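Below is one structure; the comments refer to it alone.
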Amino acid sequence: MASSMYSKVDEYGFERPESFDYKQYGNFLSQYIGVLAKRAKRWEDLKPTDRFKKTSTLKRFVRKGVPSSEREAVWMSISGAQEMQNESMVQYSSLKKYMENTTITEMIKIDIPRTFPDNIYFANDSILPEQLFNILATFAHHNKEVGYCQGLNYIAGLLLLVTKSEESSFWLLKVLVEQILPKYYIRSMSGLLIDLDVLDEFVQKNEPALHRHITRVGMPWAVASTKWFICLYAEVLPTETVLRIWDCIFYEGSKVIFRVALTLIKIHRQQILEARDLGEMVECFRKMGQNINVVNCHQFMIEVFKTPSSFSNRYLEKVREKHSALRST
Amino acid sequence: MANRTSAAQRPNGSTQGKICQFKLVLLGESAVGKSSLVLRFVKGQFHEYQESTIGAAFLTQTVCLDDTTVKFEIWDTAGQERYHSLAPMYYRGAQAAIVVYDITNQDTFARAKTWVKELQRQASPNIVIALAGNKQDLANKRMVEYEEAQAHAEENGLLFMETSAKTAMNVNDIFLAIAKKLPKNEQTTGPGGSGQGRRLVEGDSGAKAAGNCCK
């Protein structure tokens, strides 16, 4: 971690933005290294059985960050991917054999070199792109309802960088799309359209003045937030922040996406209000990942779970159902 | 590239002539080069592997035509078929559209034709549509004949150019051609409004919008 302090790329091989503030980052990192060391020790002290059992302790541990060395195993377990893999009658290696050469695989092929082209690992490694293709093509073949949706390439690509395992990445992608997230990726993208409406309602409730301003400027949520839902903040926020968010999505589900969205909006309230036209507003949303309060992933995640203090999946489902009904009338 | 963004700004208040603002949308199949055309036009750059657009991107660029400053508000959309359901929100109220296809791929031309039909049916009645046959630098792999696309453009009253975001060929030209064709009456704003929140009036944004004239 420390070695990347003055590097132009982060530890996952992503280039830092041009305007990256290395000094502020250095200040954050010098604190965060201590946090990481402490968290690693706490995880070590956790009984092996407690590491994978969903308890309030583990939930708290996950919110404070899963050590990077543990991520693959912990994600596999808390997300249900491990269970899915165990219960599957067929191994990934044999699922892979059924790949057909279709227009879908052609489309995936075009997108492979367009996935993280600036990432040093993807650019300099010939195996990663091939593994990414295998994951996406195998998934597309076995989930006909989804097939391939642009955006999944970023999720699978980041899973691959973190787990370094093609097989785990496949099951994690599968559990995300089929169990954890709403129907974002199917042909109609109905789950996305509903969640954009849900976000609009939440912002209106939590930040009425801001909501009025955004409406007046005329920015559709689809512009600012499609990537939030589709890519789960990959390609939007700094990598370490994204992984901290994913820790919680794998454990707590898609409501975490809304918590993060509302926190981003709250942190940038002033900048959004100061945006005088659409161009300024879109730019403000685009640059949110560069804010030190977002780069500081540890503090950011504390904010994420501060407001609202409680946010149940049941409540979210109710709001989703309401907007689903509104859309179909 | 003459009209690329430069940092130079005219002193406040010296607005000469009119400022017109137009909403322009880019449509077309995935990976035909929509984002690359915009990147070339707005920033003068080209990336061999442009990341796929998820949702849409919004950029602005200004060109000058005689005494008129034309500010384009550009909506660059995602090309994959399933993102289609989001497209109407971007072309609604648009005064101009560039429908892009890849000259090395016949399917993308077929898709471009259906985009043109959809725009003629659903978008503003006076929308100016340009057809762009992109990747002209790969003309040795051409699958769509120039004459075929030109004939389609003529039949449908479209502007037509073959472009290359890679070499910059015709990129500025196609935007300029659109700018010329757009009606530049006073207060050119979206027909029917559609609540775009435009508040650009003459002189209002002299320092902001009119900074990069090409002539």
Members of region A:45-97 found to be aliphatic (A, V, I, L, M), over 20 Å from A:L159 (Cα atoms) and surrounded by 12 or more Cβ atoms within 10 Å (Cβ to Cβ), listed by number: A:L46, A:L58
Qualifying residue in region A:282-302 (condition: within 11 Å of another protein chain (Cβ to nearest Cβ) and surrounded by fewer than 17 Cβ atoms within 10 Å (Cβ to Cβ)): yes
Extreme residue, nearest to the chain's Cα centre (by Cα), among residues of region B:109-152 that are in contact (Cβ under 8 Å) with a residue 60 or more places away in the chain, buried (at least 20 other Cβ atoms within 10 Å of the Cβ) and not in a helix (DSSP H, G or I): B:A132
Filter pass, A:A209 being assigned to a helix (DSSP H, G or I), at the interface with chain B (Cβ under 9 Å from one of its Cβ atoms) and not charged (D, E, K, R): no
Search result, residues across region A:115-133 that are part of a loop (DSSP other than H, G, I, E, B), surrounded by 19 or more Cβ atoms within 10 Å (Cβ to Cβ) and either among the charged types (D, E, K, R) or touching a helix residue (DSSP H, G or I) at 6+ places or on another chain (Cβ under 7 Å) (or both): A:T115, A:F116
Qualifying residue in region A:213-226 (condition: away from chain B (no Cβ under 14 Å) and in contact (Cβ under 8 Å) with a residue 40 or more places away in the chain): no
Residues (in contact with a strand residue (DSSP E or B) (Cβ under 8 Å, 6 or more places away or on another chain) and not aliphatic (A, V, I, L, M)) located in region A:172-228: A:T226
Residue check, B:F22 under 24 Å from A:A234 (Cα atoms), assigned to a strand (DSSP E or B) and of a type outside the set (K, R): no
Qualifying residue in region B:41-59 (condition: part of a strand (DSSP E or B), away from every other protein chain (no Cβ under 14 Å) and at pLDDT 95 or above): no
Near pairs, Cβ below 6 angstrom, 6+ apart or cross-chain, from region A:137-151 (at positive phi and of a type in the set (G, A, S)) to any residue that is in a loop (DSSP other than H, G, I, E, B) and crowded, with 20+ Cβ neighbours inside 10 Å: A:G151/A:C231; A:G151/B:I54
Selection status of B:T68, more than 11 Å from chain A (Cβ to nearest Cβ) and polar (S, T, N, Q): yes
Given (1) of a type in the set (A, V, I, L, M, F, W, C); (2) at pLDDT 95 or above; (3) not in a helix (DSSP H, G or I), index of the condition A:I265 fails: (3)
Candidates B:K23, B:K34 - the one that is within 13 Å of the chain's Cα centre (by Cα), among the basic types (K, R) and closer than 23 Å to B:H152 by Cα: B:K34
Unmet requirement for A:V177, which otherwise passes all of (1) part of a helix (DSSP H, G or I); (2) in contact (Cβ under 8 Å) with a residue 60 or more places away in the chain; (3) not basic (K, R): (2)
Subset tally (residues that are part of a helix (DSSP H, G or I), surrounded by fewer than 22 Cβ atoms within 10 Å (Cβ to Cβ) and more than 10 Å from chain B (Cβ to nearest Cβ)) for region A:182-197: 2
Number of positions in region A:229-239 that are part of a helix (DSSP H, G or I) and buried (at least 24 other Cβ atoms within 10 Å of the Cβ): 2
Residue that is surrounded by the fewest Cβ atoms within 10 Å (Cβ to Cβ) [pool: residues in region B:72-108 that are of a type in the set (A, V, I, L, M) and over 20 Å from B:Q50 (Cα atoms)]: B:M89
Residue ranges of helices (runs of 4 or more DSSP H) in region A:22-88 with at least 2 members under 22 Å from A:E11 (Cα atoms): A:22-45, A:56-63, A:71-79
Tabulated pairs, region B:153-168, first part of a loop (DSSP other than H, G, I, E, B), second hydroxyl-bearing (S, T, Y), C-beta under 8 angstrom, 6+ apart or interchain: B:A165/B:S36; B:K166/B:S36
Residue check for A:Q204: farther than 24 Å from A:L278 by Cα, more than 14 Å from every other protein chain (Cβ to nearest Cβ) and of a type in the set (S, T, N, Q): no
Enumeration of residues in region B:25-35 that are within 11 Å of chain A (Cβ to nearest Cβ) and touching a residue at least 60 places away in the same chain (Cβ under 8 Å): B:E29, B:A31, B:V32
Filtered residues of region A:249-281 (kept if in contact with a Ser or Thr (Cβ under 6 Å, 6 or more places away or on another chain) and away from chain B (no Cβ under 14 Å)): A:F250
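The values are calculated or read from the model by the stated rules, or taken from the named source; none is laboratory data. No experiment lies behind these values; they were computed from the predicted model shown. Virtual Cβ from ideal backbone geometry, glycine too; neighbours counted across all protein chains shown.
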